[in-house]
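A short write-up of the structure that comes next.
We did not get these values from a lab; they are worked out from the coordinates using the rules stated. Just so we're clear, the structure is a prediction, and the values are computed from it rather than from any experiment. Every residue, glycine as well, gets a Cβ built from its backbone with ideal geometry; the counts of neighbours run over all protein chains shown.
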Amino acid sequence: MTELDLVKLSALADASFVAKAEQTYGDTGVDRMIELLGIVREIFHAVPYESFTGSVLVAIILGEDEAVPEFATADLASVAELTGNTGPDLTVVRLPSGDLLAHHGAVLVEDLPGPALVFERSDGDEVFHVAGEVLAAQNPVNLPSVFGQATFDDLGSAVGSYHRDLARASGCLILSNCWRDPKRILFNPKPEASMRRSLYQFLKVTLRHPDGQVEVRQEQNVDETHPVDIKVAWPHGRIALIEVKWMGKSAGKGPQVVDHNHARAKAGLAQLVDYLEKNLADVPEHITWGYLVVFDGRRRQVNTETTTVDHDAGLHYEDDDTEFDPMLLGREDVAPPARLFLRPHLN
Amino acid sequence: MAETSSATSFERIALPRVAYVRLQDFTLFSADRIVEADVPGGVFCLAGANGLGKSTFLTAVNYAMTGIVPRPTLKFDSPAEYLKKNLSYADDYFTGRISEADRETCEICVAMEIGGAMLTLTRSPFEVESLRDLSIERGGSIESFGDEDGETRERLFREALVAESGLVSFDQFVFLQLLVLTFDERRHLLSWDSKVVEQALYLLFGDDREQAENAAKARRLYEQQDSLARNTQYQVTRLRSQLEDLRRVVEENSPDDDVDLVAQFQGHEAVRDEVDERVKRSEELLSDEQLRLNDDVAAQVELRSEYEATFANIMKGTHDISKHPIVRAAMDDRRCEICGSTNTESVASISHSVSESACPLCGAQLSAVDAAAEAKTYERLEQIDAQLEALNESASSHADAIRRYKDELESATSDLDLAEQALSDFMVAHEGHVLSLTAEDGIGRIAQHLESAIQKGLEQKEVHKKKRDAAKKHWAEAQRDVAASYTAAEDDFIPLFQDLAESFLGLDLSIALEERKPAGLQFVVSVGSSTRRSANDVSESQRYFIDIALRMALCQYVVRPDSPGTLLIDTPEGSLDIAYEVRAGDMLGRFGTGGRNILITANINTSQLLLEVARTCGDDRMRLVRMTEWTELSDVQRASEDLFDSAYGAIEQALGSR
Amino acid sequence: METPSVAYFDCLYILSALGSGSGGTSHSELHDLGYLACLLSMLDDKPAADWGYSFSATRASAPFGRALTDAMETLLSRGAISSDARFLLVTPQGEADLERWARLSANARRLPYLRGAAASALSLTFPAFSSGLHEEPQLRASGSSGGVPRVLNEGPAVNLLHHHFEQLTRGLGERRSPVVAGTVWMTYLTATAVSGDD
C-alpha cells in the first residue's frame, strides 16, 4: 500500500495559496480564488505569457466597497479583448462590482485598493499574494508558466514547445543535470535516462485531448529490440511510441568519451521501424506510430578539457539535420523525427 | 361529519342515549325538590359556576345507567371486577352529598334510548343492584315492571340493555359508559391507561366480543400469577435467610449474625428493578426516536422523488430540437444520422422540420419554451427543496438522539447484567452452605422444616410461573388478534380521529397502536412528527381535548349511528388559550351536529368554548340549561348574577343565530 | 433511469469553474472533477452512495460517471452548454441556470466538494491534474488491473482509498477542509505522477 509522505503533505498545505485564501476569507475566498485562476488562464489564453517581458498582475478586490484604483485603467468587457500588442507589463483588476479594469503598466500590490487576492508573474516566477503572504504556484515540472502553459493534442506541437520553452536552454532541473559542466559542453555518461524523463514529464502535463485523457507512460527499455522509451495513448485508440536518442559527447570523470552523431539517430529510426513491424502488425484496433526524438548536444571541436565555447563552436550544429532513409520516413506509421538542439551556455 | 362507511366485518354496537333525567331530593340542588330535564339529541350543556354540583349531576346520570360510582382510587383490571368492586362506593359518594333527611326519598330517574327501545329506570343512590322502577317501551307498547322486586328489575334492565347493545355482558356496557364515553372530573386520559385501551380495543375492534372477557381474564390471571410467583420467591428467599440465620447461630460467632438477609436481598432486587426501569425507558425513547427518524426518511424519499421529477420536468420542457445531438450532427454533416442518407432532400426535410419546431423523426409539434411554466416549476422545486432541508435537519437531530439513546441503552443493559449477576451471586452464596445442623436435634428439625418449606415454595413458584406463562400466551394471542383487527380498521378509524383532533389542534396528528412489554397495547398519539410521549409541546388542556377526540372517534367508528349513546364530558376546558377554546367548541359542535350526543357541563364564564359550540349547533342541536336556577346561589355568586345572565345571554344569542 | 438533478448541477459548476481559459473543459476532465468532488465528500465522511450517482472505471475511460455524460447531453440540447472544438463551455443561459440551481440546498451541499475539485484542477495544468488524480488508489488499482471494468467507490479498492484518506488526514491535521485537502492532495499526487516512478 502506497504510503504518503506526511511531512511533504504538511509542507504543501503550509505553502498552499488556496488554503491561505480559504483560511483568511472562507468560502468566498475560495470562490474568488477560483475566479482569479480562471481570469489568469484567460489572459494567457488571449496573450501568450512570453509576450510580457515585465510583470503581469491580476487582482480580485475583495470586500464591498466600490474602491477605484488610483492608476489609470481602461474598462475591459472581457479578457478576450486583450490582444497580442499589450506592452511589457499588464495589470488587470476585478472590482467587487464585477467590472474588469486593465492597465498597461506595472502596479505594486500595495497600491491596490483594499484587500485583494493577487496573482503576479514577474521574472518567470508565478506567485500569489494572499493576506500579506506571498505563496508560489506549485510547478513540479518547472514549466516556464503554470497558468500560461499551452496544452496540445498533437505530439509534434508538444515536442516543439518542449524544445522551445524548456529543452533548448536546458531549463528544467533534470535536463540541466545531464550536463557534465555548467557551460553545457559535454553530457554526463548515459544522459538518455534524464532526457527521457524530462520529455516524459513535459508531455505528461501538456498533452490534452477534448475527448479524454491522454495517457503518457515511460516504458521499461530492456534491450535494443524494445527501443520504445515513452508511450502516449490518446482517446479513440491512437498510440505513439517515442524513442529517445542523443547526439554529442558524453564523459565521466575519466578520459573515456562517448561520441554519438547522425549514425546514432539513423540507427534509432531503423530500430523503431523494426519494432513497429515485428510487434504491432497484429494490433488492428489501435493506430500506432513511431516517433524518434533526438537530443542534440553536439559542439564543434570540444573535448573533456574544454571549459568554454564560443558562438560558432556552440551553435555550429544547430541546423544540421540528419538525413534519414526516405523509405523509412515515407512510412505512414513513422512521424518525422524531431531533433532537439540543446544550446550551450555561451560566453 | 361523515359517518364511516366501513366495510369491516364486525357488528357495530348500540349504546343508550340519555333522553331524560330527573333528580329528586338531591340536597345539593336545593332550589327545587325535583330537577328534571328533557335531553334532546345533540349537545346538552349544563352550565353554571363552580360548586353548583355539575360533576355530581353527571355522576348521578352515570350511576343511574350503570348502577355504580367509580371509586377514584380503584384501577381498572377487567370489566367484571370493575363493576363488582365499585358497587359499594355509591353509598360513600352520595352520603356526603345528600342530607340524612333526604336519604330515603332521594332518587334519580333516567330514560335512555337504545336500539328500538326506551328504557326508563329509577334508582336510589343507596340501594345497590336494585331498581325502584323500570319500564321498557318497544314499538309503541310500554311494559312496566312495578310488580317485580328491585333485584329482578335490575336484572331485567341489564338483560334488555345487553340485548339491544350487541355486547356480551352488562360489565362491558359499564366499562364503555364509564371509561370510554365519560370524560369525568378525574380527567383520566384514555390513551394513557393501557388496560383500559386494551379492553376498549377488544370490545370495539375485536372480531368476537366474548374474547374481550377472556382477554381481560387472561391478563388478570397473568398478573395475579406473576405476582404470586414473585411473592413465593420472596417467601422462599425469606425462608432461606432464616435458614441461613439458623446456620450462623449454629456456627457461632459469625460476624454476619445480625445481617438481615432479606433486607440485603431486597436491596439487590431494588437495584435490579431500578436499572430495569432505565432499560425499558431507554428502549421506549429509542423506539420513539427511530419511528420519528423513519417518518422523516420516508417523507424524504417521497419528496426527493418529487424533487427529481420536478427537476426532470424543467430539463424536459426546454428542449430545442435543433440542439439535439442527432439533429445537430445531421445539419453539420449534411447527412441523416439515422439512415445515413446524404440526399439533399432528406437533409432539407430535417431542416424544414426543425424550422417548423417539429420533430424530424415523428413529426410531433414541439412547443416553444414556456418561461412562465418553467418559473412555476422552479417555484415548486424551491418549495420541495425547503421542505427537504427541514426534514434533513429534523432527521439529523433524530439520528443524534438515537445515538445518545443507544449509548444509554447499552450502558443501562450492561448495568442490568451486573445487577442481575449480583442478585444471583447473592442467592447462590446463601444457598450453598452445607447444612451442619443435623447434629443438634431440635434445631436440626427446624432446619429440615425450613428446607422443606423452601422446597415447597420453589415448587409453588414453578406452578405459578407455568400458569402465568399459559395466561400470558392467551393474553398475547388476544393482543395479536385485536392488534390485527385494529390494523384492519385503521384506514377508516384514523381519519375520523384526525379529522376531529386536527380541527382542534390545527396540527398534523396521528395515532398508532403500539405494543409495550409488559404493559400491553397502548395508543401513541403523535403531533406533527413527534410522538406524544414527549408531551411538552402539547399543553395539559390540549391533551384533554385530544383524548376527547379519541373517545369521539371510537364512538363514531364502532357505535351504531342510530343508537349512538351519549358522551359525558365534565368541565373540560381547563385553561385553554382563547384560540383553542374556539377550536375545541367547534370540535364538540361538529360532533353534536353529526348525529352524536354529548352531555357536557361547563363553567359559565367568558369562555369561547360554549359560544362556539352554540354557534356550530344552533337551537336544534344544542340545549343550554342554566344550572344557577337549580340551586341556591352563594352570596358572592348572587352578587354577580348579572354577569351570569349576560354570559348565558351571549350563548343563547349564539344558539339563535344559526 | 432518470438523470439525477445533481449531475446537471455538477456538470454546469465544473464547466463554469474551469472556464474558457484553457479552451474549455474536456470530457474526461468533467468526469475527473466530478469524481474528485465525490472523493472529497467521502473524505468528509459522507457515504459514496449519497453522492447521487456512481463512477466506474473502464478501459476506455476512467473515472466515468454515466450521469455526467447524460446531463452534458441534455444541457447541450438545452443550450446551457456549448462545445468549441469539442471542448465544453458554459453559455450565458447555463450561467443563469447555475446561479438558480446553486440556491437549491441539495446542490448547495455539494459546493464545498466541487469547489475543492475546481481549485485543485485550476492550480495545475489540466493534464497534470489528471495525471495526479490517476495516482489516486482506486484509479491506480483499476489501471493495474489491466483496465477490467469496475465500479468505483465499492469493493476492496475502497480500503486502499480509506487508508490513503487516513494518511492524508494525518498529514493535513486541522486543515482538512475539502478545498485544502483537494488542492494539497492533487498537488502531491501530481508530483508523484511526474516523478515517473511507475
Inset, instruction - Find out how many positive minus negative residues lie around C:Ser123, taking Lys and Arg as positive, Asp and Glu as negative, among other residues whose Cβ is under 13 Å from that of C:Ser123. - result: +1
Legend entry - Shape parameters for chain B, alpha-carbon atoms, Rg then Dmax in Å: 35.0, 127
Legend entry - Which of B:Tyr648, A:Tyr162 has the fewest Cβ neighbours within 10 Å, and the rest in rising order: B:Tyr648, A:Tyr162
Inset, instruction - Working from Cα positions, state the angle (0 to 90°, nearest 10) between the long axis of helix B:261-317 and the longest principal axis of chain B. - result: 20 degrees
Inset, instruction - Using the Karplus curve 6.51 cos²θ - 1.76 cosθ + 1.60 with θ = phi - 60°, work out ³J(HN,Hα) for each residue of the stretch B:327-338 in order, rounded to whole Hz, and write x for Gly and Pro. - result: 5, 4, 5, 4, 5, 5, 8, 6, 7, 5, 6, 8
Inset, instruction - Per DSSP H run of at least 4 residues, take -39500 (n - 2.57); add these up for chain A, divide by its residues and hand me the 222 nm value, nearest 500 deg cm²/dmol. - result: -8500 deg cm²/dmol
Inset, instruction - Provide the three semi-axes, in whole Å and in decreasing order, of the ellipsoid equivalent to the stretch B:1-147 as defined by the square roots of 5 times the Cα gyration tensor eigenvalues. - result: 27, 20, 18
Inset, instruction - Kindly express, to the nearest 10 degrees and within the range 0 to 90, the angle between helix B:54-66's C-alpha long axis and the longest C-alpha principal axis of chain B. - result: 80 degrees
Inset, instruction - Just the ratio, please: alpha-carbon radius of gyration of the stretch A:37-101 over 2.2 N^0.38 Å, N its number of residues. - result: 1.10
Inset, instruction - Report the label-to-label distance for A:Lys8 and A:Glu318 in nanometres (one decimal), using points 7 Å from each Cα along the Cα→Cβ vector. - result: 3.8 nm
Inset, instruction - Compare A:Gly156, A:Gly314, A:Gly26 in a GNM of chain A, Cα atoms joined below 10 Å, and give the one with the largest fluctuation. - result: A:Gly26
Inset, instruction - Can you give me the P(r) profile for chain A? Cα pairs, bins 20 angstrom wide beginning at 0, each as a whole percent. - result: 26, 47, 26, 2
Inset, instruction - Could you work out how far the C-alpha centroid of the stretch B:284-308 sits from that of the stretch C:84-129, in angstrom? - result: 32 Å
Inset, instruction - Take A:Asp75, B:Asp385 and order them by how many other Cβ atoms sit within 10 Å, fewest up front. - result: A:Asp75, B:Asp385
Legend entry - All Cα pairs of the protein assembly as shown, percent lying beyond 60 Å: 45 percent
Inset, instruction - Within chain A, what's the longest run with no GluC sites (Glu not before Pro) in a DSSP loop and at most 16 other beta-carbon atoms within 10 Å? Give the range, please. - result: A:71-218
Legend entry - Calculated [θ] (222 nm, deg cm²/dmol) that DSSP helices of n ≥ 4 give over chain B, each run adding -39,500 (n - 2.57): -20000 deg cm²/dmol
Inset, instruction - Would you compute, from DSSP H runs of 4+ residues alone, the mean residue ellipticity of chain C at 222 nm, taking -39500 (n - 2.57) per run and dividing by the full residue count, rounded to the nearest 500? - result: -19000 deg cm²/dmol
Inset, instruction - Take peptide B:378-385, look around each residue's Cβ out to 10 angstrom, count Cβ atoms belonging to other protein chains, and average those counts. - result: 3
Inset, instruction - Quickly rank C:77-84, B:394-401 as a protection proxy: mean count of other C-beta atoms within 10 Å, highest first. - result: C:77-84, B:394-401
Legend entry - Dipole in debye (nearest 20) - the stretch B:121-277, about Cα centre, beta carbon charges: Lys, Arg +1; Asp, Glu -1: 340 debye
Inset, instruction - Measure nothing but the geometry: give the 0 to 90° angle between the long axis through the Cα atoms of C:27-43 and the longest principal axis through the Cα atoms of chain C, rounded to 10°. - result: 60 degrees
Legend entry - Neighbour-count order for B:Met112, B:Met331, fewest beta carbons within 10 angstrom listed first: B:Met331, B:Met112
Legend entry - Under 17 Å from B:Lys466, Cα to Cα: aspartates and glutamates that are on another chain or at least 8 residues apart: B:Glu223, B:Asp226, B:Glu477
Inset, instruction - With 5 Å bins from zero, work out the P(r) of the stretch A:199-347 over every alpha carbon pair and list the percent per bin. - result: 2, 9, 16, 18, 17, 15, 11, 7, 4, 2, 0
Inset, instruction - Please compute the net charge surrounding B:Glu164, taking Lys and Arg as +1 and Asp and Glu as -1 over other residues with Cβ under 13 Å from its Cβ. - result: 0
Legend entry - Shielding by partners - mean other protein chain Cβ count within 10 Å, residues of C:128-136: 4
Inset, instruction - Give the cross-link partners of B:Lys473 among the lysines, using a straight C-alpha distance below 21 Å as the criterion and excluding same-chain residues fewer than 8 apart. - result: B:Lys195, B:Lys217, B:Lys461, B:Lys465, B:Lys517
Inset, instruction - Please average, across the residues of A:30-39, the number of beta carbons from any other chain that are within 10 Å of each residue's own beta carbon, and give a whole number. - result: 6
